[in-house]
Amino acid sequence: MQYGIFTVSDVTTDPTTGRTPDDTERVRNILTIAKHADEAGLDVFATGEHHNPPFVASSPTTMLGYLAGVTKNITLSTATTLITTNDPVRIAEEYAMLQVISDGRMDLMLGRGNTGPVYPWFGQDIRQGINLAIENYALVRRLWTEDVVDWQGKFRTPLQGFTSTPRPLDGVPPFVWHGSIRSPEIAEQAAYYGDGFLHNNIFWPMEHTKQMVAFYRQRFEHYGHGRADQAIVGLGGQVFVRKDSQKAWDEFRPYFDNAPVYGHGPSMEDFTRETPLTVGSPQQVIDRYAAFREDVGDYQRQLFLVDHAGLPLKTVLEQIDILAEEIVPVLRAEADKHRPEGVPSNPPSHADLVAKAQAAGEATGLHVVGEDRWTGRRAEDDAETAGVVTR
Amino acid sequence: MTATTPAGGTLDMVNRPGPHPLTRRSIVNQPEPANQDDARRVVLVSAGLSQPSSTRLLGDRLAEATVAALADQGVRATVETVELRDHAHAIMDAMLTGFASGDLAHVIEQVTHADALVLVTPLFTTTYSGLFKSFVDILDKDSLVGMPVLLGATGGTPRHSLALEYGLRPLFTYLRADVATTTVFAATDDWAEAGGSAGTLPERVRRAGRELARTVASRDARPSAAAGTAAPFSGTPSFEDMLGGLAG
C-alpha cells in the first residue's frame with residue numbers, strides 16, 4: 001500500500017500572518033516538500049497541473065525531472081496531468097523522458113482539469129472534455145507501444161510515420177491512472193485498459209466515492225483484467241495533525257476558514273464529517289483512514305493534501321514527519337492485515353510491468369531504433385549527405 | 001415526510017383555522033411512508049420564508065388540488081413537502097463545495113425521483129427568491145428532464161403575476177421539465193377571493209391541479225429514490241461505444 005502526498009500548488013496568503021509567498025518561493029517550497037517526503041519515507045509525491053494563478057505547477061515533468069535527480073526512493077507522479085488540453089504527442093514524449101530519467105520511478109495520473117478557460121486557452125472545447133480524454137489517451141498508448149504511428153483523429157493534426165522518442169524504458173510504458181470525481185465515463189475508460197482509477201475525493205462525501213469505485217471495479221472485471229477486488233484504486237485525502245487533537249483544530253481552523261474552494265462555506269465540523277478531511281491526533285487519522293477500505297475495498301494508493309491554504313513550509317514539513325513516523329506505518333500494517341489473497345498491495349512498479357511484459361513475451365528489452373523506420377534512413381546517412389554538400 | 005391522503009378534493013382551506021397547512025416539516029425527519037402499490041408521489045417544494053407562509057399555503061392548495069384531481073381519475077397519490085428554509089445553510093454550502101450532504105442529499109433524491117413537482121416561491125424584487133434559485137442551481141441539470149411540474153408564486157400585488165411566465169417558466173423549460181400550462185400567482189388580495197377575468201384563486205388552483213394530474217395519470221409511477229440507486233452508473237456508455245463514436 002502506497003502512502004504519499006500531492007500538491008495543488010496554490011499560492012495562498014497565510015491567514016495568520018498575512019504573508020503571501022511569490023511564485024518562485026512557492027515552487028522552491030514544493031521542491032523542498034517533495035525532497036522531505038522522500039527522506040521521511042513516504043511512497044509517492046504527485047504534483048497537479050494548472051495554467052492559471054493562484055497555482056504555479058504548470059510544468060509537471062520539469063519539476064518531476066529535477067526531483068528524479070535529487071530524490072532516492074519516492075515514486076513521482078501527477079495529480080493530475082491534463083489529458084484534455086495537452087497535446088497527446090507531448091504527453092507521450094515528456095512522460096517517456098521522465099520515465100527514462102527517473103529509471104522508471106514514476107507513473108502518471110490523468111485528469112480533465114477543473115478550470116473552464118484552460119480549454120479555450122489551449123484551443124479546445126470544454127464540451128468535448130470526455131471525448132478529448134478518450135481520443136488523446138488512445139493516441140498516447142499507441143505512441144508508447146508502436147514504434148511508427150499513422151494516426152488520424154478528431155482533435156489533433158494527423159500523424160504519418162511518427163515515432164515518439166525516447167521509446168519507453170525497457171519497452172514498457174509507464175503505469176497510468178485515470179482520475180475523475182463525477183464522470184463514470186472515465187472510470188469506464190480506466191477499467192477498459194486495466195489502468196488505475198484515482199478518485200480524488202478530498203471535497204466529496206465517501207458515499208459518492210464508494211459508488212464510483214464500485215463501478216470501476218465491476219467494469220475492470222468485465223473487461224477481463226482480473227477480479228473486481230484486484231483493480232487498482234487510489235484515493236485523495238486531507239489531514240492536519242497534532243499530538244493534541246484540540247491543538248490541531250485551533251491551529252488549522254484559520255486556514256480552513258480562508259482556504260480556496262471550501263473557505264467561507266461549510267463549518268470545519270461539517271466538512272470533516274462529510275469529507276475525508278481529518279483534523280486531530282495521529283490516532284484519529286489512523287481510525288478514519290484505516291476504515292476507508294470498508295467503503296472502497298482494499299486499495300493501493302492513498303494521497304494526502306498537506307501543503308495548501310497558505311500553511312507555512314515549516315508546518316508542512318512537520319505534517320510530513322508525523323505522517324511518515326506515526327500514521328503511515330500503522331495504516332500500512334492495518335492494510336496488510338486485511339488484504340485478501342491475490343489483491344495487489346501496490347500499484348504496479350516499473351519492475352512489475354517489465355516482468356509482466358516478459359511473461360507475456362512482449363518486452364523488447366533495451367529498445368534501440370537504429371534507423372528511421374519510415375524513411376529507412378539512419379542518422380549517419382544524413383551526416384554523410386550533409387558532409388558531401390558541405391564539401 | 002408529510003404524507004397526505006386525498007382529502008376529498010375540498011379546497012376551502014382559506015378560512016380553515018389551525019396549524020395544519022402551515023407547519024414546517026422537514027421531510028427527512030419523518031418516517032418513510034410505505035409507498036404502497038403505485039401511489040404517485042407529488043413533492044411540494046416551498047421556498048416560503050416566513051411562518052406561517054402564504055407561499056406554503058398556496059403550495060398546499062396546489063398539491064391537494066392535484067391529489068384530488070388524480071383521485072377523480074382513480075389514481076392514488078401522496079404529497080411530500082420540502083421547506084427549503086430548513087435546508088438554507090446546506091444549500092449554500094452545496095453551492096460552495098459542489099456537493100450536497102446529509103439531509104439535503106436526501107431531499108434532492110426525493111425531488112428528482114418524484115412523479116410530479118409543485119414548486120412555489122415568493123416573488124422577491126420581481127422574480128423567484130434567491131433561495132429557490134439556489135436550490136434549482138444545485139440540481140443536476142438533467143435531473144428534471146420530463147418531470148411534470150406545476151409552478152406557483154406569491155406576491156404583494158397582482159402587478160407581478162407575469163413573473164411566473166418570464167422568470168420561472170423559462171428556467172424549467174431550460175431544464176426540459178414538463179411545465180403545466182396554468183401557473184398560479186396569488187397576490188395578497190387573492191386570499192380574499194376577489195377574482196377577476198382569470199377566475200378566483202380556488203378556480204385557478206383547481207384548473208392547475210387538473211392539468212398536472214392529467215400529465216401524471218398518463219404516465220407510469222416512477223421507482224422511488226431507494227430503488228433508483230441500485231445501479232447508479234448504469235447509463236454510462238461502454239468504452240467501445242465512446243471510442244467508436246469518435247472514429248465516425
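Things worth noting here:
- Looking only at the stretch B:207-248, and only at residues there that are within 17 Å of the chain's Cα centre (by Cα) and at pLDDT below 90, the one that is farthest from the other protein chains (Cβ to nearest Cβ): B:A221
- Long-range neighbours under 7 Å by Cβ, at least six apart or interchain, first residue small (G, A, S) within the stretch A:144-169, second exposed (fewer than 15 other Cβ atoms within 10 Å of the Cβ) and modelled with pLDDT under 95: A:G161/A:W374
- Residue within the stretch A:240-251 that is more than 13 Å from chain B (Cβ to nearest Cβ), surrounded by 22 or more Cβ atoms within 10 Å (Cβ to Cβ) and either under 26 Å from A:K210 (Cβ atoms) or under 26 Å from the mean Cα position of the chain (by Cα) (or both) present: yes
- Residue within the stretch A:219-229 that is within 14 Å of chain B (Cβ to nearest Cβ), buried (at least 21 other Cβ atoms within 10 Å of the Cβ) and either touching a strand residue (DSSP E or B) at 6+ places or on another chain (Cβ under 7 Å) or over 21 Å from A:H199 (Cβ atoms) (or both) present: no
- Filter result for A:A214 (outside any loop (DSSP other than H, G, I, E, B), touching a Lys or Arg at 6+ places or on another chain (Cβ under 9 Å), under 19 Å from A:R293 (Cα atoms) and within 11 Å of chain B (Cβ to nearest Cβ)): no
- Of A:T84, A:T62, all but one fail to be polar (S, T, N, Q) and within 24 Å of A:I181 (Cβ to Cβ); the exception is A:T84.
- Scanning the stretch A:87-100 for residues that are away from every other protein chain (no Cβ under 14 Å) and either under 15 Å from the mean Cα position of the chain (by Cα) or surrounded by 20 or more Cβ atoms within 10 Å (Cβ to Cβ) (or both) turns up A:I91, A:A92, A:E94, A:Y95, A:A96, A:L98, A:Q99.
- Residues (touching a strand residue (DSSP E or B) at 6+ places or on another chain (Cβ under 9 Å) and more than 8 Å from chain B (Cβ to nearest Cβ)) located in the stretch A:200-209: A:N200, A:N201, A:I202, A:T209
Yes/no matrix, rows are residues, columns are (1) in contact with a Lys or Arg (Cβ under 9 Å, 6 or more places away or on another chain); (2) modelled with pLDDT of 95 or more; (3) not acidic (D, E):
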site: A:L31; (1), (2), (3): no, yes, yes
site: A:D43; (1), (2), (3): yes, yes, no
site: A:E49; (1), (2), (3): no, yes, no
site: A:P60; (1), (2), (3): no, yes, yes
site: A:I83; (1), (2), (3): yes, yes, yes
site: A:I91; (1), (2), (3): no, yes, yes
site: A:E94; (1), (2), (3): no, yes, no
site: A:D107; (1), (2), (3): no, yes, no
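- Count of residues meeting criterion [of a type in the set (S, T, Y) and loosely packed, with under 15 Cβ neighbours inside 10 Å] in the stretch B:122-178: 7
- Scanning the stretch A:262-272 for residues that are more than 8 Å from every other protein chain (Cβ to nearest Cβ) and in contact with a Gly (Cβ under 9 Å, 6 or more places away or on another chain) yields a count of 1.
- A:F162 being within 12 Å of chain B (Cβ to nearest Cβ) and more than 22 Å from the chain's Cα centre (by Cα): no
- Scope the stretch A:8-49; condition outside any loop (DSSP other than H, G, I, E, B) and under 18 Å from A:G263 (Cβ atoms); matching residues: A:D10
- Hits in the stretch A:265-281 (condition: without any contact (Cβ under 8 Å) to a residue 60 or more places away in the chain and either crowded, with 16+ Cβ neighbours inside 10 Å or touching an Asp or Glu at 6+ places or on another chain (Cβ under 7 Å) (or both)): A:G265, A:P266, A:M268, A:D270, A:F271, A:T272, A:T278, A:V279, A:G280, A:S281
- Sole exception among (1) without any contact (Cβ under 8 Å) to a residue 60 or more places away in the chain; (2) away from chain B (no Cβ under 12 Å); (3) among the aliphatic types (A, V, I, L, M) for A:L235, by number: (1)
- Among the residues making up the stretch B:72-104, those that are free of Cβ contacts under 8 Å to residues at least 60 places away in the same chain, surrounded by fewer than 18 Cβ atoms within 10 Å (Cβ to Cβ) and within 14 Å of chain A (Cβ to nearest Cβ) are B:A88, B:H89, B:M92, B:M95, B:L96, B:G98, B:G102.
- Residue match in the stretch A:274-284 (condition: under 19 Å from A:L311 (Cα atoms), within 12 Å of another protein chain (Cβ to nearest Cβ) and under 27 Å from the mean Cα position of the chain (by Cα)): yes
The values are calculated or read from the model by the stated rules, or taken from the named source; none is laboratory data. If you're wondering where the values come from, they're calculated on a predicted model, not measured in any experiment. All Cβ positions, glycine included, derive from the backbone under ideal geometry; neighbour counts span all protein chains shown.
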